[in-house]
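No lab work stands behind these numbers, since they all come straight from the coordinates. These figures come from a predicted structure and were not determined experimentally. Here the Cβ positions follow ideal geometry from the backbone for every residue, glycine too, while neighbour counts run over all protein chains shown.
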Amino acid sequence: MKLGFRDFYYLDADYVDNLLGYIEGFIEEEVSKLEREESTAQGKAKAMGFAEATKDSRSGKEFTRRGKITPEIKFKRVIDYLIANDLDQRDTFDEELWEMIVQEEEILEVRGSLRFTQIYDLVKDAKYIGSVGSGLGVISDEEVETVTSMLDKVKEVQEKNGISIRIKTRDSFYNFVAYLNEKHLMKDQIEIVGNDFKMLCKVERLLPQGEEMKLFDLEEIEKKYSNREQRRKNKSAQLPAEFNESVEGPAAVVLPIAIYR
């Protein structure tokens, strides 16, 4: 038996609310139009599972369901409607499918492997190595503090603009890039890594084949982690390669609505 249960790792409840309001409004308008057109009393059209009241025609009794409607339930209503209206659910693409399906403003369900950017791993590794190295006397406490302070501020920039994550489909050729809002995380960030995740998303920007996009604004990072004097002294210094991570098209930058399994 399929229950349709989803284990959520990320859920933008605000966006789901907006989608649900739009969908229910659209359905109500269609139902009203249908009722006006009907000349016989054969019962009211039901709004695609969104109605909360039902009626027993034999006894004339009406039943109303009550209770809190959670974001997860609202999401189920949204995606049930989208699937009923031909939501594209893909785990692989070819050139024809990509050009036909992946369009700006389009809502898709993409299935694939997720990983955070290299800078996220660098932050974790630097803190670990810094604490261990300091304890062993390999590097000074001052060096540890400098590195971890810089990386913390980089992470602040990352989280302010969204935590970037990359999604690769089974074909390993087409890429999706999403920027997660930390407040919508349903689990620890470290858990949202691995294979076989699904993401409901809205396409915001397309990156043609061969075009490259930097995942971070390096100027903002430099301003964040150093003052004017430090920038003057270190203007010739190169940031680690992790800071220059980019994605190459064909790719799409998407607005993440939910990530689940």
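Using θ = phi - 60° in the Karplus curve 6.51 cos²θ - 1.76 cosθ + 1.60, the 3J(HN,Hα) couplings for region 167-177 round to 10, 10, 7, 4, 6, 6, 10, 8, 10, 10, 10 Hz; x is entered for Gly and Pro.
Figure the gain on full extension for R115 and N161 (residue separation times 0.36 nm, minus the Cα-Cα span) and round it to one decimal in nm.
Numbers: separation 46, 0.36 × 46 = 16.56 nm, distance 1.74 nm.
Using 0.36 nm per residue and subtracting the Cα-Cα distance, I get 14.8 nm.
Converting phi to 3J(HN,Hα) with the Karplus coefficients 6.51, -1.76 and 1.60 and the offset θ = phi - 60°, region 102-109 yields 7, 10, 4, 6, 6, 9, 10, 10 Hz in sequence order, with x at every glycine or proline.
Counted by neighbouring Cβ atoms within 10 Å, the residues T169, T92 run from fewest to most as T92, T169.
Exceeding 25 Å between C-alpha atoms, which entries from my cross-link table qualify? They are K76/K214; K74/K160; K76/K187; K76/K202; K68/K160; K160/K202. Check vs 25 Å cut-off fails for K76/K214; K74/K160; K68/K160.
Between A84 and K168, how high is the FRET efficiency from 1/(1 + (r/R0)^6) when r is the Cβ-Cβ distance and R₀ = 25 Å? Nearest 0.05. Walk me through the intermediate numbers first.
Details: r = 28 Å, r/R0 = 1.14.
According to the calculation, E is roughly 0.30.
For V78, what is the net charge nearby, where nearby means another residue's Cβ is under 13 Å from its Cβ and Lys, Arg count +1, Asp, Glu -1? Every neighbour counted, the sum reads -2. What is the sum of charges, Lys and Arg at +1 and Asp and Glu at -1, for the other residues whose Cβ falls under 13 Å from the Cβ of L255? Overall, the nearby charge balance is -4.
Quick one: net charge of E204's neighbours, Cβ under 13 Å, K/R +1, D/E -1?
Numbers: positive: K202, R205; negative: E104, E105, E106.
Residues near E204 contribute -1 overall.
Once you have the Cα-Cα distance between D94 and Q189, take 0.36 nm times their residue separation minus that, and quote the gain in nm to one decimal.
Additional length available on full extension: 31.1 nm.
Ranked by the mean number of other Cβ atoms within 10 Å per residue, highest first, peptides 4-11, 74-81 order as 74-81, 4-11.
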